[in-house]
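K.L.:
Here you go, one structure.
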Amino acid sequence: MTKGFPLWLLLAALLALGLRSVQLGGRPMHNDEAVNAIKFRDLWDGAGYRYDPDEYHGPTLAYSTLVWEKLTFARDFARFTEARLRSLTVLFGVGLVLLLFLVSDALGRKAALAAALLTAVSPVMVYYSRDYIHETLFVFFIFLALAAGWRYCQTGKIAWILLAGAAFGLMQATKETFVFNIAAVMGALLLNEYFRRPAPASALDERLFRPAHLVAAGAVWLAVVVLLFTSFFTNPAGLLDSARTYLVWFQRAQGASPHVHGWGFYWERLLFFHRPGGPIWSEAIILLLAAGAGVSAVARRELPGASPAFVRFLAFYTLILAAIYTVLPYKTPWSVLGFWHGAILLAGVGAVALVAGLRGRRLKMAGGIILWMGAAQLAFLAWQSAVNVKYSANPRNPWVYAQTLPNLLELADKVDAVAEASPDDGALRINVIAPDSDYWPLPWYLRRYGGAGYFENVPGFSKFAADGIQDADAFVRKVRAKADPVSAFLLDAGLTNNMDAAHPANGDPGHLESLLVTNLNRIISGPSIYDSNRFQGIPLRRETGELLRQNPHGPDLIRLNRRLLEDAYPAELGTNNLPVEPYPPVTILSARLEPDVDPDKAGKMTGFYELRPGVWLELYVQTNLWSAYLQHRAK
Amino acid sequence: MNAILLNHRRFGLPLCLMLGLAWLGGSSCSGAESLVPLPITLPPATFRGTPPNDTPDPRIDNNTNRQPFLAPAGVTNVALHKKVTSSAGNVGPEDLAKITDGEKEPSEENTVTLKRGSQWVQIDLGSPHEIFAIVVWHNNSSVRVYRGVIFQIADGPDFTPDQNVRTLFNNDAENKSGVGIGKDREYFETDEGKLVDAQGAKARYVRVYSNGSTAASFNDYTEVEVYGRPAK
């Protein structure tokens with residue numbers, strides 16, 4: 001088998017490509033995929049890229065996509081598809097198989113082939129190779145760095161260590177979590193050195209690490225980091241941001257995040273995951289084989305064709321990385337890829353060692369068959385998990401996390417169908433309204449609509465939201481000073497109730513704003529706050545005056561009260577002069593905001609759509625447009 | 001000449017301003033210039049990190065508390081163990097009987113799944129009844145919304161125009177079932193079921209349509225109850 005090693009490796013890569021490519025656009029875009037896609041749009045449209053230290057990881061995904069799309073002659077962003085974007089991560093996923101060529105003498109050729117097969121069919125590797133997020137690129141760059149480092153150790157050629165340096169730079173420019181990989185590499189090298197001492201010098205010979213080479217590799221690393229984080233010298237602040245980001249992620253890693261999970265989060269998904277109505281998912285065979293290889297390497301048992309030093313290093317590296325991710329409270333399922341890829345490489349070694357360790361031809365054959373069956377089971381689960389539409393966006397799948405449900409595609413299709421019936425078509429005005437911007441991935445699906453606007457609350461009408469207040473502190477101070485009749489009224493109405501304990505001085509300015517919003521919305525939801533004496537001397541905007549003359553009720557009264565307060569405190573509260581009609585032809589609204597909607601003006605509520613489990617959107621279409629749509633459909 | 005220059009200096013600026021204003025006024029009132037929409041930019045989408053994996057909407061509660069529905073004393077579920085038929089050919093009479101067996105637990109055993117598309121189930125009450133309320137439970141094992149829900153009653157089994165068909169509820173906004181454009185809102189499936197007020201209308205047959213749900217394209221029915229009494 002190993003005589004045709006390149007050919008077998010190519011076959012494994014083809015298998016990987018097949019599992020990663022079929023129905024690539026079948027699963028709805030995840031929130032994160034859509035964010036990455038829309039961020040890439042800026043780069044594609046010439047608006048450049050700026051690294052954001054708060055979220056969204058590094059620049060390699062956007063720049064790799066740019067290169068890939070240019071090479072494949074992509075055109076208008078509106079015509080981009082999910083499959084086109086995801087094909088980039090598919091390539092990197094297949095690349096993980098091909099990279100095994102570089103370490104075939106470290107693992108042994110048979111083991112490298114076994115690892116190639118397991119990489120190709122591992123459900124988690126397949127699933128996230130089909131996800132337009134940073135993870136597969138990240139793991140590819142890690143493996144490239146380790147493989148190039150190994151080749152340097154073998155040959156002493158500077159090109160390999162320069163490549164390793166570049167790969168480390170790319171890792172850093174992909175995900176902030178690269179520091180964990182660096183820690184794992186350092187830890188594994190130290191442990192390996194400790195275990196190596198009594199043994200004769202191995203391939204990891206320190207003589208090969210020439211200081212000049214190391215300096216050169218460091219320079220390449222730095223150059224890659226500087227180039228990418230400064231967006232090719234167009235954003236010098238990006239370099240500083242690449243360091244500042246660790247403050248944000250340090251807080252997140254400690255648990256300031258909705259993604260805090262117990263230590264068993266990853267292991268349940270990898271080893272035994274079952275939800276009622278779903279199948280049993282398990283990649284335990286990989287862990288068993290990896291553990292066998294790791295223990296054998298540390299115990300200095302013979303591993304056929306493999307470098308004991310490399311396998312031992314790999315075992316320590318995987319163990320340390322797995323321990324770090326297990327202990328960290330912040331967990332997202334795609335983070336397993338880093339350490340699970342290490343386990344897969346080890347499992348390749350373990351599989352070969354297992355068969356070699358069996359005595360007699362029949363036993364070896366039986367062992368081989370069992371291993372092939374295990375690989376087939378993984379391939380089947382990979383298909384179920386990533387390709388089968390029944391599970392690819394289903395919470396019964398261990399790798400589905402905060403995933404958009406297929407029901408959202410119905411909403412996108414419905415908007416397209418309604419737009420077709422509108423004379424405005426692509427210029428159709430659409431308001432997408434959801435608190436906390438919880439409307440993703442809709443900006444991806446509505447990308448062709450230049451008239452789509454995105455709001456946190458119902459424009460032109462609705463109640464206060466925390467991010468709509470200009471200066472909460474100044475507002476509270478002004479009200480407490482009671483210097484004018486409106487402030488006196490607000491104080492009497494309980495505007496500052498429960499606020500003392502939540503002052504920013506106590507460390508949580510967000511909580512103050514939240515209380516303020518609650519109290520403000522309570523006040524404006526009551527009777528009219530207008531009193532001619534109270535508002536004497538306050539210049540009212542023309543629209544406020546008009547609304548006042550109408551003596552409104554219901555939602556319009558709330559709007560009037562809000563406008564009166566905005567006119568009284570324009571600098572502190574800001575103005576709600578959103579330049580849109582409150583209810584355009586199409587409104588997509590978070591179901592949580594339904595009480596804020598004026599049913600007489602919003603149009604026909606045509607249906608509910610589930611964005612993610614438990615997160616619902618409502619589609620409103622103005623009745624004349626809905627009638628036009630029904631007529632258009634009837635034709 | 002000096003006087004003219006002096007006057008020009010004295011009156012030049014106001015004159016220019018007046019002429020300028022006259023020109024502006026003339027141009028704005030001339031009607032020759034076409035009007036174009038202001039190039040107002042709408043707020044773009046705000047980027048958002050990975051959302052929480054589990055964020056149930058607090059507004060949607062499976063344990064809502066419906067106010068008691070008032071009906072004349074003596075009114076009972078007259079659909080219990082009555083014959084059920086359906087437009088869907090994938091289920092037999094034994095399965096359909098579960099729809100009126102009194103079991104409302106949305107388990108696999110109790111729930112009847114009709115094929116995809118707009119499908120109906122129909123209950124023959126055996127004789128004309130005064131109907132006060134119809135309650136339908138589709139499948140509330142998870143929060144979902146059923147599409148194209150229509151409640152109808154009629155005097156005959158074919159629901160043809162000559163059989164006094166009355167539509168009590170219809171949220172089929174696109175008229176996919178062909179019985180008219182629905183004006184009612186969609187609703188979340190809860191363990192209370194969907195109650196429709198029939199206001200004592202007289203009929204023998206009850207028909208309920210649905211057209212898949214937000215969870216699947218199939219149609220599920222756990223139970224249908226018809227509260228009424230034999231017509232006098």
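The values are calculated or read from the model by the stated rules, or taken from the named source; none is laboratory data. Every value quoted in this text rests on a predicted model; they were computed, and no experiment measured them. Cβ coordinates were reconstructed from backbone atoms using ideal geometry, including for glycine residues, and neighbour counts include every protein chain displayed. Protein only, heavy atoms only, side chains kept; ligands, DNA and RNA dropped before computing areas. Shrake-Rupley method; radii C 1.70, N 1.55, O 1.52, S 1.80 Å.
K.L.:
Among the residues of the range A:602-609, are any surrounded by fewer than 22 Cβ atoms within 10 Å (Cβ to Cβ) and without any contact (Cβ under 8 Å) to a residue 12 or more places away in the chain?
P.N.:
no
K.L.:
Under 6 Å by Cβ, and 6 or more places apart or on different chains, what pairs join a residue from the range A:304-331 that is under 22 Å from B:Gly49 (Cα atoms) and touching a residue at least 60 places away in the same chain (Cβ under 8 Å) with one that is open to solvent by 40 Å² or more (accessible area, probe 1.4 Å) and part of a loop (DSSP other than H, G, I, E, B)?
P.N.:
Between residues of the range A:304-331 that are under 22 Å from B:Gly49 (Cα atoms) and touching a residue at least 60 places away in the same chain (Cβ under 8 Å) and residues that are open to solvent by 40 Å² or more (accessible area, probe 1.4 Å) and part of a loop (DSSP other than H, G, I, E, B), the close pairs are A:Thr326/A:Trp263; A:Lys331/A:His261.
K.L.:
Test of understanding: among B:Glu186, B:Glu174, B:Glu225, which residue is assigned to a strand (DSSP E or B), open to solvent by less than 30 Å² (accessible area, probe 1.4 Å) and acidic (Asp, Glu)?
P.N.:
B:Glu225
K.L.:
Can you find a residue in the range B:39-54 that is at pLDDT 70 or above, within 40 Å of the chain's Cα centre (by Cα) and more than 14 Å from chain A (Cβ to nearest Cβ)?
P.N.:
no
K.L.:
Which of the residues spanning the range A:467-486 are surrounded by fewer than 19 Cβ atoms within 10 Å (Cβ to Cβ) and either more than 15 Å from A:His511 (Cα to Cα) or among the aliphatic types (A, V, I, L, M) (or both)?
P.N.:
A:Gln470, A:Ala474, A:Arg477, A:Arg480, A:Ala481, A:Lys482, A:Ala483, A:Asp484, A:Pro485
K.L.:
For a quick check of your reading of the model, give me the residue pairs whose first member lies in the range B:176-200 and is more than 10 Å from every other protein chain (Cβ to nearest Cβ) and over 18 Å from B:Ile153 (Cβ atoms), whose second is surrounded by fewer than 17 Cβ atoms within 10 Å (Cβ to Cβ) and at pLDDT 90 or above, with beta-carbon atoms closer than 9 Å and at least 6 apart or on different chains.
P.N.:
Pairs that qualify, where the first residue is more than 10 Å from every other protein chain (Cβ to nearest Cβ) and over 18 Å from B:Ile153 (Cβ atoms) and the partner is surrounded by fewer than 17 Cβ atoms within 10 Å (Cβ to Cβ) and at pLDDT 90 or above: there are none.
K.L.:
For the range A:434-450, give me each residue that is facing chain B (nearest Cβ under 7 Å) and touching a helix residue (DSSP H, G or I) at 6+ places or on another chain (Cβ under 7 Å).
P.N.:
A:Trp440, A:Pro443
K.L.:
Give the residue that is nearest to the other protein chains (Cβ to nearest Cβ), with candidates limited to residues of the range A:54-96 that are over 16 Å from A:Arg448 (Cβ atoms), open to solvent by 10 Å² or more (accessible area, probe 1.4 Å) and not in a helix (DSSP H, G or I).
P.N.:
A:Glu55
K.L.:
Which residue is farthest from the chain's Cα centre (by Cα), if the candidates are limited to the range A:294-310 and must be under 22 Å from A:Ala148 (Cα atoms) and small (Gly, Ala, Ser)?
P.N.:
Applying the filter and picking the extreme gives A:Gly305.
K.L.:
Looking only at the range A:261-302, which residues are buried (at least 23 other Cβ atoms within 10 Å of the Cβ), of a type outside the set (Gly, Ala, Ser) and in contact with a Gly (Cβ under 9 Å, 6 or more places away or on another chain)?
P.N.:
Of everything in the range A:261-302, those that are buried (at least 23 other Cβ atoms within 10 Å of the Cβ), of a type outside the set (Gly, Ala, Ser) and in contact with a Gly (Cβ under 9 Å, 6 or more places away or on another chain) turn out to be A:Ile286, A:Leu289.
K.L.:
Of these, A:Leu547, A:Leu630, A:Leu617, A:Leu557, which one is among the hydrophobic types (A, V, I, L, M, F, W, C), assigned to a helix (DSSP H, G or I) and either in contact with a Pro (Cβ under 7 Å, 6 or more places away or on another chain) or within 14 Å of another protein chain (Cβ to nearest Cβ) (or both)?
P.N.:
Going through A:Leu547, A:Leu630, A:Leu617, A:Leu557 in turn, just one is among the hydrophobic types (A, V, I, L, M, F, W, C), assigned to a helix (DSSP H, G or I) and either in contact with a Pro (Cβ under 7 Å, 6 or more places away or on another chain) or within 14 Å of another protein chain (Cβ to nearest Cβ) (or both): A:Leu630.
K.L.:
Could you figure out which of (1) modelled with pLDDT under 90; (2) in a helix (DSSP H, G or I); (3) buried (at least 20 other Cβ atoms within 10 Å of the Cβ) isn't true of A:Tyr583?
P.N.:
Condition (2) is where A:Tyr583 drops out.
K.L.:
Next question, about the same structure. Scan the range A:387-407 for residues that are open to solvent by less than 50 Å² (accessible area, probe 1.4 Å), facing another protein chain (nearest Cβ under 10 Å) and in contact (Cβ under 8 Å) with a residue 40 or more places away in the chain and report the count.
P.N.:
6
K.L.:
If you go through the range A:408-433, how many residues are under 18 Å from A:Thr587 (Cβ atoms), in a helix (DSSP H, G or I) and within 12 Å of chain B (Cβ to nearest Cβ)?
P.N.:
So the count comes out to 7.
K.L.:
Taking the range A:114-132 as the search range and keeping residues that are open to solvent by less than 10 Å² (accessible area, probe 1.4 Å) and of a type in the set (A, V, I, L, M), which one is farthest from A:Leu222 (Cα to Cα)?
P.N.:
Per the stated criteria, the residue is A:Val121.
K.L.:
I'd like to check something: does the range A:589-597 contain any residue that is surrounded by 20 or more Cβ atoms within 10 Å (Cβ to Cβ) and among the acidic types (Asp, Glu)?
P.N.:
Scanning the range A:589-597, I find no residue that is surrounded by 20 or more Cβ atoms within 10 Å (Cβ to Cβ) and among the acidic types (Asp, Glu), so the answer is no.
K.L.:
Can you spot a residue in the range A:595-602 that is within 32 Å of the chain's Cα centre (by Cα), within 14 Å of chain B (Cβ to nearest Cβ) and over 20 Å from A:Val418 (Cβ atoms)?
P.N.:
The answer is yes; a qualifying residue exists.
K.L.:
Going residue by residue through the range A:25-41, is there one that turns out to be part of a loop (DSSP other than H, G, I, E, B) and of a type in the set (A, V, I, L, M, F, W, C)?
P.N.:
Yes: the range A:25-41 contains one or more residues that are part of a loop (DSSP other than H, G, I, E, B) and of a type in the set (A, V, I, L, M, F, W, C).
K.L.:
Any chance the range A:561-574 includes a residue that's within 14 Å of another protein chain (Cβ to nearest Cβ) and part of a helix (DSSP H, G or I)?
P.N.:
no
K.L.:
Another question about this same structure. Looking at A:Trp372, A:Trp383, can you tell me which residue is without any contact (Cβ under 8 Å) to a residue 12 or more places away in the chain, at negative phi, among the aromatic types (Phe, Trp, Tyr) and open to solvent by 60 Å² or more (accessible area, probe 1.4 Å)?
P.N.:
Result of the check over A:Trp372, A:Trp383: A:Trp372.
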